[in-house]
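What follows is one structure encoded as structure tokens, with my remarks underneath.
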Amino acid sequence: MQGDTADAPKAETAEISYGDAMDLAMTLHRQGKLDGAAKMYETQRRMAPKDPNPNLGRLLHALGRDEDAMSAFCEALVLKPGHAPAHGRYSHREAYLRTVLGDAGLVDIRLRAAHLRMEGGKPVEGLVVSARSSEVPGHG
């Protein structure tokens, strides 16, 4: 068994590009293979230490490593102050919003892409949401 664990780090990080490290980290994260994803996010961070990556913070939080997660979030914000994904604002996708709103009993869900605010002279994209409670009759 010792040979299995000794070989794993080399196989995960040997001769991998930055893009491949990020893709693999995200794939492992989606598959629920959180320890492997954390290793790949950390590999990606070593390869590009000035590239803010809030995904590492999210993953470390999911692993219960809250102090490490906070450090990763803070690092992302120091590297790029106001970086929206580092604090999660405006980062929800349409499918996620529809699921959460539907689970909350909301209907007539409408989502519209918009520039929600300006940050550093650039518009921040997001979704404007409108919905109503299923207990309130629709207008029609």
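Values quoted throughout were computed directly from the atomic coordinates according to the rules given, and no laboratory measurement underlies them. In this text, all values refer to a predicted model and were calculated from it rather than measured experimentally. Cβ atoms come from the backbone with ideal geometry, glycine included; neighbour counts cover every protein chain shown.
Given a Förster radius of 41 Å and the C-beta distance between Met47 and Arg132 as r, what FRET efficiency does 1/(1 + (r/R0)^6) yield to the nearest 0.05?
Numbers: r = 47 Å, r/R0 = 1.15.
Computed FRET efficiency for Met47 and Arg132: 0.30.
Suppose the chain between Glu15 and Lys80 were pulled fully straight at 0.36 nm per residue; how much longer would it get relative to their current alpha carbon spacing? Numbers along the way, then the final one.
Working: separation 65, 0.36 × 65 = 23.40 nm, distance 2.79 nm.
Extra length from Glu15 to Lys80 when fully extended: 20.6 nm.
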